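To keep things clear, I will list the structure first and then write my remarks on it.
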Amino acid sequence: MIIDFHTHTFPDKIAAGAIEKLKSASHTKAFTGGTENELFSSMATCGINKSIVLPVATNPDKIPHINDISAEKNKNGKLIYFAAMHPDFANAKNEMRRIKKMGIKGIKLHPVYQNIDFDDIRTLRILEYAEENELITVTHAGLDVGFPGVERCTPEMIKNVADTLHPKRLVLAHMGGWKMWQKAAEILSGMELFIDTAFSIGKMKQDAPYYSEEELKLLNFEETEKIIDAFGQDYVLFGTDSPWSDQKESLLDILHLPISDEVKEKILYKNAVRLLGNTI
């Protein structure tokens, strides 16, 4: 069993345009065209059994519609769609109850895209409602390749949230804080916060020459192992950020880590099964 805890898809009608827009902003390569069928094909190629799809809402008015689609898509069982949420959504408490009732397992936040700090009172309110409804929250953490220098979810902000709410189902994407990895490991070590491995190991793949070799570097195996140790082997989830990473290459990165097979199994599926509630 292999579970990819961090993927994205777009409706067929807008996928090509969305991918081109994001490629232009990030100067990185897309490994699929961003459609559901292309994700299925990628999964089949490398033996991934389940992928979690994380919708990002930049417009709070679209939240109910996005979440209705996620609930409908979850009926086919091939992918696990999370709900979208935005800290400025006015009826968040009731929507979170509706998400739970529809059987959706969690929500996705993106402080950079949503332009709201992670420890803002509006975000804290969303996180509190998620915990009340036993929903997983996956948040983008650290910097974002498409928004250079924008800091909306730093390790310090995450610690403020963790000290206030003590969340049990919070997943920090990109190994706890993209391009803020050392600080994240130092500040958040042992706090029982989940992390995923998405878009964090090896090097970025650019669509055309833009970044220096130094800028392309992500975590090497030794650095990855140290972050796993800091957060704890029971709190690490395999993720790819497909279509922005190749699922097969990302899987091989985990398989080649100098860690035990037991720990690899935890990262590849056992921790995800525990967090999702053994319902997959």
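The values are calculated or read from the model by the stated rules, or taken from the named source; none is laboratory data. Please read these numbers as outputs of a predicted model, since none were measured by experiment. Cβ: placed from backbone, ideal geometry, glycine included. Neighbour counts: every protein chain shown. Calculation scope for accessible area: heavy atoms of the full protein, side chains included, ligands and nucleic acids excluded. Shrake-Rupley method; radii C 1.70, N 1.55, O 1.52, S 1.80 Å.
Within region 221-232, being surrounded by fewer than 17 Cβ atoms within 10 Å (Cβ to Cβ) and without any contact (Cβ under 8 Å) to a residue 40 or more places away in the chain holds for Phe221, Glu222, Glu225, Asp229. Screening region 192-215 for residues that are free of Cβ contacts under 8 Å to residues at least 40 places away in the same chain and farther than 23 Å from Ile3 by Cα and picking the one that is surrounded by the most Cβ atoms within 10 Å (Cβ to Cβ) gives Glu215. Residue under question is Leu237, and the condition is that it be out of contact with any helix residue (DSSP H, G or I) (no Cβ under 7 Å at 6 or more places or on another chain), farther than 19 Å from His166 by Cα, at pLDDT 95 or above and surrounded by 15 or more Cβ atoms within 10 Å (Cβ to Cβ); does it hold? Spelling it out, it is not the case that Leu237 is out of contact with any helix residue (DSSP H, G or I) (no Cβ under 7 Å at 6 or more places or on another chain), farther than 19 Å from His166 by Cα, at pLDDT 95 or above and surrounded by 15 or more Cβ atoms within 10 Å (Cβ to Cβ). Considering region 31-63, and only residues there that are in contact with a helix residue (DSSP H, G or I) (Cβ under 7 Å, 6 or more places away or on another chain) and part of a helix (DSSP H, G or I), the residue that is most open to solvent (accessible area, probe 1.4 Å) turns out to be Thr45.
For region 254-272, the set of residues classified as open to solvent by 30 Å² or more (accessible area, probe 1.4 Å) and in a helix (DSSP H, G or I) consists of Leu255, Asp261, Glu262, Glu265, Lys266, Tyr269, Lys270, listed by residue number.
Note on region 65-80: residues that are open to solvent by 40 Å² or more (accessible area, probe 1.4 Å), part of a helix (DSSP H, G or I) and in contact with a helix residue (DSSP H, G or I) (Cβ under 9 Å, 6 or more places away or on another chain) total 1.
Which count do you get for residues in region 115-125 that are buried (at least 24 other Cβ atoms within 10 Å of the Cβ) and of a type outside the set (Ser, Thr, Tyr)? Working first, answer last.
Step one: filter region 115-125 for residues buried (at least 24 other Cβ atoms within 10 Å of the Cβ), giving 118, 123.
Then keep just the ones that are of a type outside the set (Ser, Thr, Tyr); that gives 118.
Final tally of qualifying residues: 1.
Without any contact (Cβ under 8 Å) to a residue 40 or more places away in the chain and crowded, with 18+ Cβ neighbours inside 10 Å: does that describe Leu218?
Values: without any contact (Cβ under 8 Å) to a residue 40 or more places away in the chain: yes; crowded, with 18+ Cβ neighbours inside 10 Å: yes.
Against the criterion (without any contact (Cβ under 8 Å) to a residue 40 or more places away in the chain and crowded, with 18+ Cβ neighbours inside 10 Å), Leu218 qualifies.
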